[in-house]
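A quick write-up on the structure given underneath.
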Amino acid sequence: MADVRVCPLSELPPGTVRVFEAAPYLPIGVFNAGGELFAIEDRCSHDDGPLCEGDWDTDDCVVVCPRHGANFDIRTGRALTLPAYIPVDTYPVKIVAGDVVVEIP
Ligand code: FES
């Protein structure tokens with residue numbers, strides 16, 4: 001497992017998302033939903049759309065894929081609506097010395 005530093009927590013305030021490349025071909029989005037941090041794969045399970053660029057709701061923690069509109073729960077990665085039905089990967093997030101860090105298995 002590897003810890004990947006994303007950014008200082010101060011650069012990811014509530015209501016924002018930060019997309020980064022954790023490794024080649026492994027884009028991940030980190031969401032700050034009211035102070036809780038969640039990280040999911042930035043690749044829609046339907047057709048590889050840039051999932052974390054979609055609109056999202058901080059209260060119900062749902063992101064909408066900008067390509068065909070599938071909804072995903074950013075807490076679990078679960079696909080909530082068609083056309084997606086396969087979940088996306090999720091990753092643990094922690095704060096280390098004031099930085100947002102994602103754990104990559
Ligand atoms: S690529 Fe996301 S819903 Fe089709």
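Every number in this text was worked out from the coordinates using simple rules, so none of it is lab data. If you're wondering where the values come from, they're calculated on a predicted model, not measured in any experiment. For neighbour counting, all protein chains shown are included, and Cβ atoms are generated from backbone atoms with ideal geometry for every residue, glycine included.
Which ³J(HN,Hα) values in Hz, rounded to whole numbers, follow from the phi angles of region 59-75 under the Karplus curve 6.51 cos²θ - 1.76 cosθ + 1.60, where θ = phi - 60° and Gly and Pro get x?
7, 9, 6, 10, 10, 10, 4, x, 7, 10, x, 5, 9, 10, 7, 6, 7
Compute the distance in nm between two label points, each set 7 Å from the Cα along the Cα-to-Cβ direction, one at Ile95 and one at Leu82.
Placing both labels 7 Å along Cα→Cβ, they lie 4.2 nm apart.
May I ask for the percentage of alpha-carbon pairs in region 9-96 that lie more than 24 Å from each other?
Tail of the P(r) past 24 Å holds 11 percent of the pairs.
Placing +1 at every Lys and Arg Cβ and -1 at every Asp and Glu Cβ, with all other atoms neutral, what dipole size does the chain have around its Cα centre, in debye to the nearest 20?
Result for the chain is approximately 120 debye, rounded to the nearest 20.
Rounded to the nearest 0.05, what FRET efficiency do Asp47 and Met1 have when you use their Cβ-Cβ distance and R0 = 30 Å?
0.55
May I ask you to compute the full-extension gain from Asp60 to Glu21, defined as 0.36 nm times their residue separation minus their alpha-carbon distance, rounded to one decimal in nm? Don't skip to the end; give the middle numbers.
Values: separation 39, 0.36 × 39 = 14.04 nm, distance 2.57 nm.
Result: 11.5 nm gained on full extension.
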